[in-house]
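A.B. asks: Structure in structure tokens, see below.
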Amino acid sequence: MQLIIRNLSKVYPNGIKAMDSINLEIGKGLFGLLGPNGAGKSTLMRTIASLQSPDSGEIRFGEIDVLQQPLQLRAVLGYLPQEFGVYPGISAEHLLDYLAQLKGVNSKKQRKMLIDEVLEVTGLLEAKKQKVVAYSGGMKRRFGIAQVLLNRPKLIIVDEPTAGLDPAERVRFLNLLREIATDSIIIFSTHIVEDIKSLCRELAILAKGRILQQASPQQAIAPLIGKIWQANLAPEQLEIIKQDFTLLSTKYLDHQTIQARLLADGAPSRVFAPVSPQLEDSYFLALNHVKPPVI
Ligand SMILES: Nc1ncnc2c1ncn2[C@@H]1O[C@H](COP(=O)(O)OP(=O)(O)O)[C@@H](O)[C@H]1O
Ligand SMILES: [Mg+2]
């Protein structure tokens, strides 16, 4: 099953073009939607989830014409928004039971099986008697996935799930996505390149409503092999280098030393050494190209 997006555009009433002729083809597995704040990630995800209409364009999920048949889509969709609601003060188990009833699972026995299954997958079985309001941030996110899994969705959309999680919870959450991605399409958005690197089969970079690149992590860095150079520079040296080369990133090592990475066909100077390209390089390069030129 494939999700196909054609020429999707949206201008909000305030004039902001949040989607600018977006085209994507997404297959089974984990798909990362990478972009800075304001890129249009949430707008795109809400539109795919049939919660918001585009001005123009087309979305197909297998046989379903998403814009014409939103109810058919919702039957196979699991969507976890960026901001999600307040939880009532009841246990995870009871809340899932309630939600499963809403989703039409009428048999009590069947609900029990389903709930144990989603709690197991999300690592919450032992915390099932606890109130969801009292869960940690990471547990709440995992509960969000448990809830989404209740109707065994074929298309799962998760908007910025790692925002605000501590490093250990982040890794745990991403591993959970990896585990459930075997049989469905999972699209998740993030502004953190690290989230995508080892995890996603494919990614798209989105900025200012436009898809700048769709590729596998390997494909994204392939054109940069042999072209990324790194050196530790003093601030004055950096100022000079900046004038002639495409800087990708800088990082202060201490107050006198800046580690600089840049793109060049050959060594910029003797102090630069070739380094292997990282997904960050590809991301910063893609973003550089949409910035207006500095005058
Ligand atoms: N309901 C809305 N009305 C007007 N502008 C909006 C609305 N929602 C989002 N925007 C604007 O559209 C752009 C894309 O927003 P969004 O889709 O939330 O991006 P992201 O999720 O990547 O941060 C931003 O400039 C944002 O301010
Ligand atoms: Mg967003």
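No value in this document is a laboratory result; all are computed from the given coordinates. Here the structure is a predicted model, which means the values were calculated and not measured. Every residue, glycine as well, gets a Cβ built from its backbone with ideal geometry; the counts of neighbours run over all protein chains shown.
A.B. asks: Could you tell me which residue out of Leu262, Gln219, Met139 lies farthest along the dipole of the chain toward its positive end? Charges go on the beta carbon: Lys and Arg +1, Asp and Glu -1, centred on the Cα centre.
C.D. replies: My answer, from the dipole projection, is Met139.
A.B. asks: Right, another one. What's the center-to-center distance, using Cα atoms, between segment 14-62 and segment 121-173 in Å?
C.D. replies: Going from one Cα centre to the other spans 23 Å.
A.B. asks: Follow-up question, since we're still on this one. Taking Rh as the Kirkwood radius, which is the inverse of the mean 1/r over Cα pairs, what is the Rg/Rh value for segment 167-258?
C.D. replies: 1.07
A.B. asks: Please give the contour-minus-distance gain from Asp116 to Glu194: 0.36 nm per residue of separation, less the Cα-Cα distance, rounded to one decimal in nm.
C.D. replies: Full extension from Asp116 to Glu194 adds 24.9 nm.
A.B. asks: Around Arg60, with a cut-off of 13 angstrom between Cβ atoms, what is the net charge of the other residues, counting Lys and Arg +1 and Asp and Glu -1?
C.D. replies: -3
A.B. asks: Right, next: Can you pull the three principal axis extents for the Cα set of the chain, in Å, largest first?
C.D. replies: Between the extreme Cα coordinates on each principal axis of the chain lie 72, 43, 34 Å.
A.B. asks: Follow-up question, since we're still on this one. In debye to the nearest 20, how big a dipole does segment 226-275 give about its Cα centre with +1 on each Lys and Arg Cβ and -1 on each Asp and Glu Cβ?
C.D. replies: 180
A.B. asks: Run the simple label-point estimate for Glu83 and Ala267 please: 7 Å along Cα→C-beta, distance reported in nm.
C.D. replies: Using points 7 Å along Cα→Cβ, the separation is 5.3 nm.
A.B. asks: Relative to the present Cα-Cα distance, how much length would full extension add between Leu71 and Ser21 at 0.36 nm per residue of separation?
C.D. replies: Additional length available on full extension: 15.5 nm.
A.B. asks: For Lys10, list the lysines whose Cα falls under 21 Å from its own Cα; do not include residues on the same chain fewer than 8 positions away.
C.D. replies: Within reach: Lys41, Lys208, Lys291.
A.B. asks: Counting other C-beta atoms within 10 Å, and keeping those with at most 10, which DSSP coil GluC sites (Glu not before Pro) do you find in segment 153-221?
C.D. replies: For GluC sites (Glu not before Pro) across segment 153-221 that sit outside H, G, I, E and B with at most 10 neighbouring Cβ atoms in 10 Å, the list is empty.
A.B. asks: Tell me the mean residue ellipticity at 222 nm calculated for the chain from its helices only (DSSP H runs of n ≥ 4, each -39500 (n - 2.57), averaged over every residue, nearest 500).
C.D. replies: -9000 deg cm²/dmol
A.B. asks: Within segment 45-143, list the GluC sites (Glu not before Pro) lying in a DSSP loop whose Cβ has at most 14 other Cβ atoms in a 10 Å radius.
C.D. replies: Passing both the DSSP loop test and the Cβ count: Glu63, Glu83.
A.B. asks: Given Lys197/Lys251; Lys131/Lys197; Lys109/Lys129; Lys109/Lys140; Lys108/Lys154, which pairs have Cα atoms separated by over 27 Å?
C.D. replies: Violating the 27 Å Cα-Cα cut-off are Lys131/Lys197.
A.B. asks: Arg6 label point, 7 Å along Cα→Cβ, cut-off 20 Å on backbone N: hits in segment 21-45?
C.D. replies: Only 21-28, 44-45 pass the distance filter.
A.B. asks: Separate question: So for the chain, taking the charge dipole from beta-carbon charges (+1 Lys/Arg, -1 Asp/Glu), which of Ile22, Ser276, Ile180 sits furthest toward the positive end?
C.D. replies: Most positive-ward Cα: Ile180.
A.B. asks: Then there is this: Of Gly32, Gly209, Pro153, whose Cα points farthest to the positive end of the dipole of segment 3-220 (charges on the beta-carbon: +1 Lys, Arg; -1 Asp, Glu; origin at the Cα centre)?
C.D. replies: Pro153
A.B. asks: Under unit Cβ charges (Lys, Arg +1; Asp, Glu -1), what dipole magnitude, rounded to 20 debye, does the chain have relative to its Cα centre?
C.D. replies: For the chain, the charge dipole is close to 740 debye.
A.B. asks: While we're looking at this one, here's another question. Could you check what % of the DSSP bridge pairs in the chain are antiparallel, to the nearest 5?
C.D. replies: Once the DSSP bridges in the chain are tallied, antiparallel ones form about 65 percent.
A.B. asks: Another question about this same structure. Please give, to one decimal in nm, the separation of the simple spin-label points placed at Lys28 and Gln237, each 7 Å out from Cα toward the Cβ.
C.D. replies: The two pseudo-label positions are separated by 5.1 nm.
A.B. asks: Assuming 0.36 nm per residue, please report the length gained on full extension of the stretch Ser249 to Tyr98 beyond their Cα-Cα distance.
C.D. replies: Gain in length upon complete extension: 49.5 nm.
A.B. asks: Over all Cα pairs of segment 226-275, how is the pair count split among 10 Å bins, expressed in % and running from 0 up to the last occupied bin?
C.D. replies: For segment 226-275, the binned pair fractions read 29, 62, 9 percent.
A.B. asks: What does the highest-first list of 236-244, 72-80 look like by mean Cβ count within 10 Å?
C.D. replies: Answer by packing, highest mean first, reads 72-80, 236-244.
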